[in-house]
Each structure stands twice: as structure tokens, then as C-alpha cells.
Amino acid sequence: CVECAFELPADSPTPYEQYVLSEDYEFRASTLQYDKATDEFYFHITTRKYDTDESEVSEDTEHQTVLGIDLGVNSLAVASTGTFWQVDEYDHWCREFEKRRGEMQQRGTQAAHNALLRLGKREEAWRKQYIHTIANEIVSEAIEHDCDVIVFEDLTDIRERLPDTKWHHIWAFRRLVEYVSYKTPEQGVSVEEVEPNHTS
């Protein structure tokens, strides 16, 4: 067993104060994630708001359990349950397709041009299948945790907030929102996009 201290942001109230130390929220679970790419640890805590007294709830208000999904710097998606969808394989194949495109473009022949078109279709099909797989896993994650809503972070101003994020990660995350939105209605789960500080 290893004990270590951790520092909270200077801004108050912090999410730790708002949720973990609050008497309104129940502590559910915690996970510690190590990111080899940055040599950093991420500590995730999940909480759930206690049911409010029925007399304080309006008739049209329904308690909802939310699964928050963020775009990670070194992960394609990070769920509020602590699940990460890494980008190692995705990045690898993006580099491979880019390398092949470069080789074909240098040839400049009609045959190379035709091969380039075929490669583009293959890459598009691969990207769609890859994102569909993750979308299915996110929907399964929501169902497993009895979530009524899947909330994705709004990517507006993402370049300012996460300047190191690669363009194809942002593209993939946008497609992920579309695919999950398409798959959830039949599962009785809705999808929303909100400010990123409300997804975790």
C-alpha cells in the first residue's frame, strides 16, 4: 500500500469540495489511471447525488444518472466512471495511412492516383468502424451503470482549452457524439452536449 498526497487547484470551490466533501453527494468509487505518454497519474472519483426529499421535487422533475464523456489530451475519450479509450492504435493507423498517401502522391502516376482513391475509401471505412466500436462501448458503459443521460463536452473553443489536441482526435470525438446519439434512443438513453466542467 502506497500513500501519497495530492494538491487541489487554488480556485474554490473545487470539484472535490463540491462533490466529495459535500453532504449532498454519495461517494461511489475511485480509480487511479497512469498515462505512459505523459508519465502522469489521473485520480478519478465518482459520486452520486442523494435523492432529494419528494416534497422538494416538482412533479415534472425526474432524477437522472449521468455518464460524462470528455475529450482527453492523450485519450480519445474519458468517462466519468474512470474508463479511458486510449488513442495509441488510432494514432498508429492514422500515421500509417498518412505515410502511404505520401508515397503514392510522390509517384504522380494515374495508377498511383487510383490507388490513392482506394486508400482514401479504406481509411474512411476503417475510421468509421473504429469510432462505431468505441460508441458501442460507451453506450454499454452507460447501460451498465444505469445512466439515463450521456453528456459529452462541447468542443467549442477546444483549441484554446486543449491546444495540444490533434485535429484527428477532435474529428473522431465529433463523430463519436454523432454515433452515440444515433445508437442511444433504442436503449432509452439520451445524449446532451454541455460545458466541459459539467461532464466529469
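The values are calculated or read from the model by the stated rules, or taken from the named source; none is laboratory data. Quick caveat: nothing in here was measured; it's all calculated off a predicted structure. Cβ placement follows ideal geometry from the backbone for every residue including glycine, while neighbour counts extend to all protein chains displayed. To get the accessible areas, we keep the full protein, side chains included, count just its heavy atoms, and leave off ligands, DNA and RNA. Shrake-Rupley method; radii C 1.70, N 1.55, O 1.52, S 1.80 Å.
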*So, of the residues in segment 66-89 that are out of contact with any strand residue (DSSP E or B) (no Cβ under 8 Å at 6 or more places or on another chain) and at pLDDT 75 or above, which turns out to be farthest from Ala172 (Cα to Cα)?*
Thr83
_Selection status of Ile170, closer than 16 Å to Gly68 by Cβ and open to solvent by less than 80 Å² (accessible area, probe 1.4 Å)_ = no
*Selected residue (only one of His113, His63, His92 is open to solvent by 40 Å² or more (accessible area, probe 1.4 Å), part of a loop (DSSP other than H, G, I, E, B) and modelled with pLDDT under 90)*: His63
*Taking segment 116-159 on its own, how many of its residues are open to solvent by 50 Å² or more (accessible area, probe 1.4 Å) and under 30 Å from Thr184 (Cα atoms)?*
20
*Pairs only if they're at least six apart or on different chains, beta carbon under 9 angstrom, first in segment 90-105 and closer than 20 Å to Lys128 by Cα, second at pLDDT below 85 and open to solvent by 70 Å² or more (accessible area, probe 1.4 Å); list them, first residue then second.*
Asp91/Lys166; Cys94/Lys166
